[in-house]
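The structure under discussion appears below in the form of structure tokens.
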Amino acid sequence: MKCELCHQNNAETVLYRQTDAGVREELYVCESCAARERAFEQQHGIQVAAMDASPLMPPDKHFPRSIPPELEEKLMGLSPADNPFFGDNPERPDPQPDDLIQLKTCPHCGIAEDEVQLSLHLGCAHCYDVFREELKVLFKDLQGCTSFHGKPPAWLSAKFQLRDLKRKLQEAIEKEQFDEAKKLMQALRALESPSEDNTASEDTDEA
Amino acid sequence: MKPEALSAEAALKTICLKTQIVLVRNVAQYPFPTQSTRAMTVPIQAWLTQIADIHPFDDLTDDLAFAHIAEHRYGLADVEERHPAYRLLRFQVACDSGIRTFWCELMACNHFTFSVTSSELDFNEAVADLECFADRFAEVFHFAYDEQFGYLTSQPTLTGTGLRIRSWIHLSGLASLNYLPQLCRAAEVKGVLTEYMPNEEPPAGDIFILYNRFSLNLPTEAIVRDYKTFLLRLARQEMRARMRLAHDRVAHLYDELLRALLLCRHALIVPEREAQNLLSSYWTGCSCGALEPIDDPAYAFNDCFDSVRDALCPQSLLNLETPHALGSLPPICRQEYLLNYDILRALWLRKLSEAKFTPAFLSRVNRL
């Protein structure tokens, strides 16, 4: 919420002042505006209470002894419609609620980021993709590193080998190392279809 | 062999009751246990059929008599904390090192825990056999795996290799000398954690549970190697502490052992925690040469799977045959003993009072 005096900084404290009609009003202001108003109070005898700034008299007992002309001019110089302190200004934007904090949520299991941080438990394997960057920080704290250095499962080893062979084949072709490329292609075929390769070799032997 | 001359391996064998090695895996297509629902337990029966095709097993899920000692003896899930879909399977598998018993716990709907518990200390062999065993399941169940983070689990502390090694270690010497805070700090530096906080009372019987902290940054062989190295150093420290008790704090040790033996001889009611502490004193006295062990394997330290401490559990006490020394009980206790575990425990401990101080230790006592 923005300060109701300067409309620039975030509101951090509450000021209480009495209007001309004798009604106590609350203003949500930033620290600098609150400090300025307190200084103005000391100069002009206006009781301005800030809730969490200094131990002043209870807001109920704050009444302006008088409104000095400068303030009155300041406050009254504006039409009520423009005066930010008084009246309802239809053009005055409604106080906006605090910006909603958008939390990441796993679309598969529904667990939210704050739940993961609080409980230190994940909901499913997909959570590792959704919260990957946050988990890197967590793993750095818990385990001292962010990557696995062990043995991959057997079904994945074949996939790694295929990928590695394809990469090397591409490099050999680019470098025009055709003998090397031929060997790599044979290895690739053997990995992709081992049964066909065995059948072919048997036929060759029989021939 | 004199206690001072024990090698690190022998020292570790003296203080280590048992070690449980666990591999955790999750099936990829289902949420982890924290987000799973009852409906997801439906495929479990079909999975059990597939598992039976891999290797025959004994389904001990509904064996309540076994359930009570499963946690205590093998470090398996407590019966009161089991998920409704929990299954406990026992496999007897022929490995290169011989026949091994593997446990497969199916938690919730997709969480597999493969474990092996032994008092032997060849961790490398056990881990290799366990990995081979788990890989057989990988041919049927697609385990959740990520290239960056390894095997995926609900807990980030287990992600990676999914390896957890837990050891039950008797550290009465370090506990007596108030070295536990230093132990916890040293363990943490070496990537080992203890199920104990320095400001807490030491666990019953001074049996501490240690486990590896990291499962991600190293392959299983390196994790096992570092863990074992720490245990060996710890074993040496513990034996030194016991020697210090036996040589430098003779009066304290003599007083402790005398109290323990007298309690074993005369006590009528002994709660479980106190019984564990009395056993701990007896074992400490035997290992540092102050007591001569009694000639009864039922009271030996690491007679495989912790059956000595197991005997102190209520379920085991009920299975005792007519306990010896029943006649030493006053009439009121003889009437109640079948209903009171603490009395049964006191009777079971009577045998320990037959232990004698060694001449060498007594000569040190008499020099005081």
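Figures for the structure shown
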item	result
Cross-link pairs beyond the 24 Å C-alpha cut-off, checked among B:13/B:228; B:13/B:190; A:104/A:136; A:136/A:166; A:151/B:228; A:104/A:140	A:136/A:166
Where GluC sites (Glu not before Pro) fall in DSSP loop in segment B:155-251, at most 16 other Cβ within 10 Å	B:195, B:200
Relative intensity, log₁₀ I(q)/I(0), of chain B from a Debye sum that treats every alpha carbon as a point, q = 0.07, 0.09, 0.12, 0.15 Å⁻¹	-0.36, -0.59, -0.98, -1.32
FRET efficiency, residue B:240 to residue B:273 (Cβ-Cβ, R0 30 Å, nearest 0.05)	0.65
Label-point separation, residue B:296 to residue B:366 (7 Å along Cα→Cβ), nm	2.9 nm
GNM result for chain B, Cα springs below 10 Å: residue of B:234, B:106, B:218 fluctuating most strongly	B:218
Distance in nm between pseudo-label sites at residue A:178 and residue B:132 (7 Å out along the Cβ direction from Cα)	4.7 nm
Inter-label distance, nm, simple model (7 Å from Cα along the C-beta direction), residue A:151/residue B:226	1.9 nm
Near-label residues of segment B:99-130 by backbone N, under 18 Å of a point 7 Å along Cα→Cβ of residue B:7	B:120-125
Accessible surface of chain B [probe 1.4 Å, protein heavy atoms]: carbon and sulfur percent	52 percent
Solvent exposure ordering (accessible area, 1.4 Å, most first) of B:248, B:78	B:248, B:78
10 Å Cβ neighbours from other chains, averaged over peptide A:134-141	2
Qualifying GluC sites (Glu not before Pro) for segment A:117-180 [loop in DSSP, other Cβ within 10 Å: at most 15]	A:176
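The values are calculated or read from the model by the stated rules, or taken from the named source; none is laboratory data. The structure presented is a predicted model; accordingly, all values stated were derived computationally and were not measured. For neighbour counting, all protein chains shown are included, and Cβ atoms are generated from backbone atoms with ideal geometry for every residue, glycine included. The accessibility values were calculated without ligands, DNA or RNA, using every heavy atom of the protein model including side chains. Shrake-Rupley method; radii C 1.70, N 1.55, O 1.52, S 1.80 Å.
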